[in-house]
Structure formats: C-alpha cells, structure tokens
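The values are calculated or read from the model by the stated rules, or taken from the named source; none is laboratory data. The structure presented is a predicted model; accordingly, all values stated were derived computationally and were not measured. Don't worry about glycine lacking a Cβ; one is built from the backbone with ideal geometry, like all the others, and counts go over all protein chains shown.
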Amino acid sequence: VSAVAVPAPRRGVVGWLASTDHKHTGAKMAAAAFCFFIASGILALVMRTELAQPGMQVVSTDTYNQLFTIHGSGMIYLVLTPLALALGVYLVPLQIGAADIAGPRTCLFGFWTYVLGGLVMYGGFLTDQGAGRAGWFSYTPLSGGQATPGTGMDMWVIGVILATLGCLIVAGAILATVIGLRAPGMTMLRLPVFTWSMVATVLMVVIAFPVLLVLMGLLLADRHLGGIFDSAAADVTYQNLFWFYGHPVVYVMFFPFLGAVGDVVATFSRKRFFGYRPLIVSLLAFAGLSMSVWAHHMFATAKVTNQYYALTSHMLIVPGGLEYLALIGTMIGGAILLRTPMLFALGFMALFLIGGLTGIMVASPPLDYHFTDSYFVVAHFHYTLFGGSLFGAFAAIYYWFPKVTGVMLREGLGKVHFALLFVGANLTFFPMFFLGVDGMPRRVANYPADAGFTGLNQVATAGSYVIALAIAVFAANVVVSMRRRVPAGPDPWGAHTLEWWAPSPPPRHNFDSLPAIRSYAPLLDLREETADSRQQTAVGASRTGAVAP
Amino acid sequence: VKLAAIVLFGWAAWLGTLAAMLWIWSAHGVLEPALLTGGAVAIAAAGAYVGRRARPAGPERRIADSSAAAVVLAVGAALAAFGLTAGLWLILIGAEVAAFGLAGLVRELRAERRGEGRR
C-alpha cells in the first residue's frame with residue numbers, strides 16, 4: 001500500500017486543475033457540487049417566491065418550466081449524486097488504507113466530464129429559447145423536438161449525458177479501489193460502514209447509469225431525426241428505461257450519507273457500531289431491492305406490473321427498518337456527544353423517517369393514484385433527499401471537514417446552521433403534504449386564488465428563505481473557520497476508522513504507516529488495547545504495592 | 001478479492017431472484033424483467049472477472065501527480081458532445097482536442113513506464 005515518490009506536484013492553477021490526487025479530485029468534486037447546489041437553490045427560491053401568491057408575479061410560465069427543470073436536474077445530476085461520489089473518492093482510499101484511488105487519471109477525467117456537463121446544462125439559459133423545460137425526467141413526447149424545440153433542451157440532454165458519464169466513471173474507480181487496493185488485513189468484512197455504503201452505491205451506479213446514457217442518446221437522436229419515441233408504447237418504454245435509472249439514483253444519493261451517519265453515530269456515541277454485519281447485509285439487500293422497484297413511478301400508467309412493484313417497494317421497509325435499528329442500537333447505552341455532526345445525523349434520522357413513511361403510502365397503487373403528480377410527492381421526495389441526503393451530507397461535512405482541511409468548523413455557528421436548516425426544511429416541505437392531499441398539482445406556476453392553497457404556499461415560501469439563511473450561516477462558518485484557524489490534529493473526534501490515523505490533511509500518499517487492522521474500527525481497537533494494558537499494569541502494580549501512574 | 005467476488009455473485013443472485021419473480025409476474029412484455037436480468041448478468045460477469053483476477057503484485061504503486069492530458073481529453077469529449085447540437089464544426093474541434101488529450105495520455109503513461117524501468 002505504500003506509494004512511490006513522484007516528482008514534485010505542479011503548482012498553480014494548472015496543478016490544481018489537473019491533480020490526480022484522489023483527495024484533490026474528491027474535494028474539487030464536492031466544491032463543484034456545492035456551487036451547483038447554490039445555483040439550483042437560487043432557482044428554487046425564485047420558484048417559491050412566484051408561488052407565494054396566486055397569479056404570475058415574478059416569472060413567466062415558460063421561465064417557471066425552465067426553473068423547475070434545471071432545479072430538479074441540477075440537484076439530482078449535478079449536486080447530490082456527485083457529492084455522494086465525491087465523499088467516496090476522498091474517503092474510501094483513506095478508510096481502506098490505500099495510497100490512492102484506482103485509476104486516478106480516469107477519476108480526474110470523470111470529474112471534468114461531470115463539471116463540463118453541468119456547465120452545458122446550465123448554459124441552456126443563455127440560448128434563445130431558454131434552458132431545458134421538460135422536467136428532470138423529460139418524458140417523451142414532451143421532451144421531443146416538436147413539443148420542446150430549441151438548443152437549450154438539446155443542451156440539457158447533452159449535459160445529462162456528460163454528467164452521468166462522469167459519475168459512472170468515478171463510481172467505477174471507487175469500486176475498483178475497494179476490490180483491489182485494500183490494505184493488508186482490511187478484508188471485506190472489516191470495511192467501515194461508510195465504505196460498505198459506497199460499495200452498495202456504486203453497484204447500483206454501474207447497472208443503472210449506462211441505461212440512462214443510452215436513453216439520453218436515443219432522446220437526442222429522436223429530437224433531431226425522429227422515429228424513435230413516436231408511439232404511445234415507446235413513451236412507456238422511455239419511462240421504463242428512465243426509471244430503471246431514476247429510482248436507484250435516489251438510493252445513490254442516499255446510501256453514502258447513511259453510511260456517513262453510521263460512522264458519525266458510532267463515533268459520537270462512543271460505542272462500537274451495533275449490528276455491523278446485519279447492517280451490511282441489509283445495505284446490499286436494500287440496494288438490490290431498489291433496483292427492482294422502479295416502475296412504482298409508473299403505477300398510474302396501468303402499463304406495468306403494479307402488484308410486483310408494490311410488493312418490492314413495501315419490502316424496502318425491512319432493510320430500512322434494520323438500518324434504523326442499527327443506528328438506534330448504536331446510540332443506546334452510548335455516551336452521546338451532541339456535537340454538530342451528531343445533530344445533523346439525528347436530523348437525518350428524523351426527517352428521513354418522514355420521507356420513508358410517506359414512501360410507504362406512495363408505494364401503494366390505490367393511494368398513489370391520488371398522490372401522483374401532486375405536491376404530496378414533492379413533499380415526500382424532499383423529505384427523502386433534502387431531509388435525508390442533505391442532512392446526512394452536512395453531518396459528513398462537519399465530521400470530515402477537519403480531516404480534509406486540518407481545521408475545525410465553529411461549533412456555535414454549526415448549531416445555528418442546524419437549527420435554521422431543521423426549522424426551514426420542515427416549514428418548507430411539511431405544508432406540501434397537505435397541499436398535495438388537497439389536490440395541488442406539482443410543476444404549476446400558478447393556482448386559483450380560491451383553491452385554499454395560498455396560506456400553505458406562503459408558509460413554504462417563508463421556510464425556503466429560512467433554508468437560504470441556514471446555508472448562508474454555513475458559508476460564513478467555513479469562511480470564519482478557514483480565516484481564524486483552530487487546528488484539528490489527526491483525530492479530533494476520537495473516531496474509529498482508518499482515515500483518522502493519517503495527519504489532517506493527509507499527505508499525498510495518505511499513510512506513512514498503518515496500525516494493525518483487526519476489525520472495521522482499527523483506531524477503536526487500538527484505544528481499547530491501550531486501555532486494557534493500562535488496566536493490567538494498574539492491577540499488577542496494586543498487587544505489588546507500587547503506585548499506578 | 002475472493003470475498004469481493006462472493007459479494008458480487010451474492011448480489012447478482014439477489015437481483016436474479018427478483019428478476020425471476022418479475023419474469024413470472026410480468027404481463028407487460030419482456031422489457032421490465034429483461035432490464036433487471038441484464039443487471040444481474042452484468043454484476044455476475046464482474047464477479048467472475050474479480051474472482052479470476054489476482055491482486056496487484058507488489059505493495060508499491062506509482063502515482064501520477066497530475067494529468068493535464070486527462071483534463072484536455074474531457075474538454076475535447078465535452079466539446080464534441082456539445083457539437084451534436086452546435087454543428088459538425090464543433091464536433092471536429094472537440095475530436096481534435098480529444099486526440100491531443102489521448103496523445104498526452106499516451107505520453108504520460110510512457111514516461112511513467114520509463115520511470116519505473118529505471119527504478
């Protein structure tokens with residue numbers, strides 16, 4: 001696992017842009033995802049401002065269509081998926097004791113392909129007819145050349161192809177790293193929880209993402225040449241192919257953050273992870289099941305096997321429940337420290353529970369017929385992806401920021417950030433459940449003044465500004481912490497996994513030496529061994545009458 | 001590596017089981033079960049590859065510090081892809097840039113091999 005000395009790294013912009021160090025690639029990918037997050041978040045704020053009142057005040061309906069398309073596409077293709085993979089690129093080699101990622105050049109190529117894809121997608125706003133405006137799943141015939149003409153829609157398709165290709169390449173590198181570059185002693189059954197969550201994630205990526213690539217290629221060809229998605233049957237085929245990617249990607253955006261929360265909960269409970277092996281089995285079972293539930297997004301078409309997809313969707317409750325059991329079991333009896341990463345982990349557990357429970361409702365075809373394409377679905381997936389994934393992402397950021405930068409984030413600002421984000425998320429998304437049940441359709445720029453939707457929409461809009469404030473507090477925290485640096489040291493949390501053995505930030509080759517690896521938590525093993533030997537020394541000393549140190 | 005292959009085979013078997021259920025149940029053509037079966041077969045093939053592949057020999061691995069060629073290749077690929085809507089001229093420019101990137105990659109790899117040969 002040791003690395004060979006290489007020529008001194010290139011300095012300056014070119015050196016940074018072209019660095020193959022997996023830590024640089026991971027950090028660049030996370031930074032790019034955060035930039036796209038801000039851009040896509042601003043689009044959401046404009047949408048929420050428009051929806052605060054009935055009637056059209058801020059944007060036209062056509063612009064609104066572009067806003068929700070690029071907001072959704074941005075968050076899924078350019079923010080959460082790449083952010084999840086960025087964590088893997090940075091952390092997986094460190095957690096398994098490797099000197100680098102497998103195929104660092106390939107990984108760098110994947111990163112740049114993703115970034116350029118994002119720029120192409122956003123570049124659609126600069127074209128005459130605006131950006132893509134057929135929604136993040138761009139069903140045919142709406143996304144066809146006749147219904148949505150223009151270069152902006154083409155750029156959306158090309159952007160999706162590039163971003164997805166980049167993520168697929170990066171995922172392949174992560175999988176190859178886990179399989180081929182583990183340190184001596186780091187068997188598969190000693191991988192940390194986060195690394196296992198990345199394994200489950202990249203398995204889904206390598207199956208699902210190629211299907212989207214092919215589909216987007218076909219859509220682009222159809223837009224220019226026609227003849228591919230011309231029939232009603234072809235539209236159902238499009239939906240089948242899209243959701244074969246579109247459902248697993250929800251878990252691609254969720255599992256890595258679940259794994260991060262697992263590491264955070266174990267560290268801040270001062271306890272070994274409860275039910276490590278059942279959790280691994282449940283993660284893999286969950287990932288497999290999540291590949292088989294895609295057509296529950298198509299219940300209303302009556303052109304898929306509803307019974308099968310309802311069954312497999314409900315089966316997700318079992319591994320999901322096991323994962324909650326493992327997290328709660330880890331906390332029970334632990335000496336819980338409520339630091340900022342732990343607060344975000346608890347927020348993740350609370351909010352994803354709401355997303356998961358409402359997921360059971362939309363997994364039932366009779367209920368889904370009512371909820372489909374309503375704000376209920378919007379609320380459900382925002383509790384899953386914002387409440388779940390984003391809170392998990394912030395748990396991960398606060399937890400690993402000291403490792404990445406060598407600097408601690410401010411606890412006080414972190415807690416303010418958490419409180420604002422928790423309140424903002426619930427204010428924004430909880431009213432949407434009621435709006436959906438009352439019949440407000442999603443993706444509308446306007447609603448009747450007498451429909452009774454105004455009050456709840458105003459609450460949701462106020463909540464979205466609270467979220468924006470929370471993100472501003474986070475940005476301030478990063479700036480303040482980087483300017484007035486509080487050094488973190490190699491392991492500021494008393495963590496369990498191998499990345500905390502390396503200095504903060506880790507050197508180019510990650511490790512000068514490695515401790516003995518006897519479990520998924522080598523650092524905890526080491527501390528327990530040290531405590532045991534001290535205890536034995538003390539007992540021995542008391543027997544001989546000596547004073548224990 | 002063997003356990004990694006077992007994990008891949010196990011996961012492929014799980015997907016295969018779910019696909020078998022869908023083959024039995026599906027009344028809407030072959031696309032749905034075929035997609036899931038394809039996924040299972042792909043993962044099983046990856047498992048077979050991993051199981052037969054030996055772990056990389058030797059504990060040391062040479063690490064490239066930077067690769068401008070990989071960035072150039074990505075830019076070329078993106079330009080060529082953008083050319084699908086902008087026109088043939090951009091596809092050609094993109095292809096040219098990508099060719100430069102590929103040549104650079106070959107150069108980098110050769111230089112690395114030469115470096116390893118000297119050690």
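Of these, A:Val261, A:Val304, A:Val265, which one is of a type in the set (Val, Ile, Thr) and over 29 Å from A:Tyr90 (Cα atoms)?
A:Val304
I need the full set of residues from the stretch A:324-365 which are within 20 Å of A:His247 (Cβ to Cβ) and surrounded by fewer than 16 Cβ atoms within 10 Å (Cβ to Cβ), in order please.
A:Leu353, A:Leu357, A:Ile360, A:Met361
Kindly list, by first and then second residue, each pair from a residue in the stretch A:532-546 that is modelled with pLDDT of 60 or more to a residue that is surrounded by fewer than 10 Cβ atoms within 10 Å (Cβ to Cβ) and aliphatic (A, V, I, L, M), limited to pairs with Cβ atoms under 9 Å and residues at least 6 apart or on different chains.
Listed by first residue and then by second, the contacts come to A:Ala541/A:Val547.
Restrict the check to the stretch A:57-70 and report whether at least one residue is within 20 Å of A:Ser19 (Cα to Cα) and in contact (Cβ under 8 Å) with a residue 12 or more places away in the chain.
no
I need the full set of residues from the stretch B:19-34 which are surrounded by 14 or more Cβ atoms within 10 Å (Cβ to Cβ), at the interface with chain A (Cβ under 9 Å from one of its Cβ atoms) and aliphatic (A, V, I, L, M), in order please.
Matches in the stretch B:19-34: B:Ala19, B:Met21, B:Leu22, B:Leu31.
Scan the helices (runs of 4 or more DSSP H) fully inside the stretch A:1-116 and keep the ones with 2 or more residues being crowded, with 21+ Cβ neighbours inside 10 Å and not aliphatic (A, V, I, L, M).
Once the helices (runs of 4 or more DSSP H) in the stretch A:1-116 are filtered for at least 2 residues that are crowded, with 21+ Cβ neighbours inside 10 Å and not aliphatic (A, V, I, L, M), what remains is A:22-51, A:61-73, A:81-95.
Test A:Lys303 against the stated conditions and say whether it is modelled with pLDDT under 95 and under 15 Å from A:Met331 (Cα atoms). Write out each step before concluding.
Details: modelled with pLDDT under 95: yes; under 15 Å from A:Met331 (Cα atoms): no.
The answer is no for A:Lys303.
Residues that are more than 7 Å from every other protein chain (Cβ to nearest Cβ), modelled with pLDDT of 95 or more and closer than 30 Å to A:Met204 by Cβ: does the stretch B:51-66 have at least one? First the steps, then the outcome.
Looking only at the stretch B:51-66, we keep the residues that are more than 7 Å from every other protein chain (Cβ to nearest Cβ), and these are B:51-54, B:57-58.
From what is left, the residues that are modelled with pLDDT of 95 or more are none.
No, there is no match, as no residue in the stretch B:51-66 is more than 7 Å from every other protein chain (Cβ to nearest Cβ), modelled with pLDDT of 95 or more and closer than 30 Å to A:Met204 by Cβ.
Which one of B:Gly94, B:Gly16, B:Gly39, B:Gly76 is at pLDDT 95 or above and within 9 Å of chain A (Cβ to nearest Cβ)?
When all the criteria are applied, what remains is B:Gly39.
Restricted to the stretch A:272-317, and to residues that are more than 13 Å from chain B (Cβ to nearest Cβ) and surrounded by fewer than 20 Cβ atoms within 10 Å (Cβ to Cβ), which residue is farthest from the chain's Cα centre (by Cα)?
A:Ala300
Out of everything in the stretch A:143-181 that is among the hydrophobic types (A, V, I, L, M, F, W, C) and under 16 Å from A:Leu241 (Cα atoms), what residue ends up being nearest to the other protein chains (Cβ to nearest Cβ)?
Among them, the one singled out is A:Ile161.
Could you look through the stretch A:226-262, keep only residues that are assigned to a helix (DSSP H, G or I) and among the β-branched types (Val, Ile, Thr), and pick out the one that is surrounded by the most Cβ atoms within 10 Å (Cβ to Cβ)?
For the stretch A:226-262, the residue satisfying everything is A:Val261.
In the stretch A:452-461, how many residues are of a type in the set (A, V, I, L, M, F, W, C) and in a loop (DSSP other than H, G, I, E, B)?
1
Of all residues in the stretch A:462-488, which are in contact (Cβ under 8 Å) with a residue 40 or more places away in the chain and in a loop (DSSP other than H, G, I, E, B)?
Scanning the stretch A:462-488 gives A:Arg485, A:Val486, A:Ala488.
Can you find, within the stretch A:117-142, the residue that is nearest to A:Met75 (Cα to Cα) among those that are within 9 Å of chain B (Cβ to nearest Cβ) and surrounded by 23 or more Cβ atoms within 10 Å (Cβ to Cβ)?
Result: A:Gly117.
For A:Phe381, work out the one condition from (1) crowded, with 23+ Cβ neighbours inside 10 Å; (2) closer than 19 Å to A:Pro431 by Cα it doesn't fulfil.
Only one criterion is unmet by A:Phe381, namely (1).
Only one of A:Met155, A:Met186 is crowded, with 22+ Cβ neighbours inside 10 Å, of a type outside the set (D, E, K, R) and not in a helix (DSSP H, G or I); which?
On the way: A:Met155 fails: not in a helix (DSSP H, G or I).
Step by step, each of A:Met155, A:Met186 is checked, and only A:Met186 is crowded, with 22+ Cβ neighbours inside 10 Å, of a type outside the set (D, E, K, R) and not in a helix (DSSP H, G or I).
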